[in-house]
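Following: one structure in structure tokens, then a few remarks.
The values are calculated or read from the model by the stated rules, or taken from the named source; none is laboratory data. On a predicted model such as this, the values are computed, not experimentally measured, just so you know. Positions of Cβ are generated from backbone atoms using ideal geometry, with glycine treated the same way; all protein chains shown enter the neighbour counts.
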Amino acid sequence: MEINTKELLNLKRANGDRLTKINKDYKEWVGKIYIINTSILTILLILSGSLSFYFSGWPQIIAIIIAIYSLKEIARREGHHEGYLDGYITGKNEGVNDTYGINPELEEFIEGISNDLREKEIQKNRRK
């Protein structure tokens with residue numbers, strides 16, 4: 001099975017429709033796992049952060065703890081989402097490489113060509 005470089009790059013490129021579907025599936029899956037929605041955590045972070053300046057003593061400490069927990073949880077979820085997408089893209093690229101028998105050296109060469117094509121396209125768009 002023969003494939004040219006442009007077709008290969010198109011196979012490896014994550015298109016918008018596919019990424020939109022993956023994001024939608026991810027959000028649906030995560031919605032079933034987490035008890036507290038990320039939007040609620042964001043509101044909790046803002047509210048508890050604001051209240052920590054209003055109160056003093058134990059209520060202030062509790063508000064600070066809630067704010068720190070909310071911030072940590074939001075950051076963890078964002079990191080998990082990025083890792084999920086990175087894993088999908090990496091797995092897809094490895095699958096294409098395995099299917100077409102592309103070794104690491106050839107992949108590096110193709111990446112170089114891809115970068116050159118992108119630079120030429122950017123320069124072409126700047127001239128317009």
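General observations
- Pairs meeting the criteria (first residue in region 66-80 and in contact (Cβ under 8 Å) with a residue 24 or more places away in the chain and over 20 Å from residue 53 (Cβ atoms), second residue hydroxyl-bearing (Ser, Thr, Tyr) and part of a helix (DSSP H, G or I), beta carbons under 6 Å, at least 6 apart or on different chains) are 77/38.
- Hey, residue 79 on the phi < 0 side of the Ramachandran plot, surrounded by 12 or more Cβ atoms within 10 Å (Cβ to Cβ) and not polar (S, T, N, Q) or not: no
- Residue in region 12-22 that is in a loop (DSSP other than H, G, I, E, B), small (Gly, Ala, Ser) and within 26 Å of residue 118 (Cα to Cα) present: yes
Residues are listed down the side, and each one gets a yes or a no for (1) touching a helix residue (DSSP H, G or I) at 6+ places or on another chain (Cβ under 7 Å); (2) over 24 Å from residue 23 (Cβ atoms); (3) modelled with pLDDT of 95 or more; (4) not in a helix (DSSP H, G or I):
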residue: 64; (1), (2), (3), (4): yes, yes, yes, no
residue: 68; (1), (2), (3), (4): no, yes, yes, no
residue: 86; (1), (2), (3), (4): no, no, no, no
residue: 89; (1), (2), (3), (4): no, no, no, no
residue: 121; (1), (2), (3), (4): no, yes, no, no
residue: 126; (1), (2), (3), (4): no, yes, no, no
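- Of residues in region 7-30 being over 17 Å from the mean Cα position of the chain (by Cα) and without any contact (Cβ under 8 Å) to a residue 60 or more places away in the chain, the one nearest to residue 100 (Cα to Cα): 7
- In region 19-36, the residues that are loosely packed, with under 11 Cβ neighbours inside 10 Å and among the acidic types (Asp, Glu): 28
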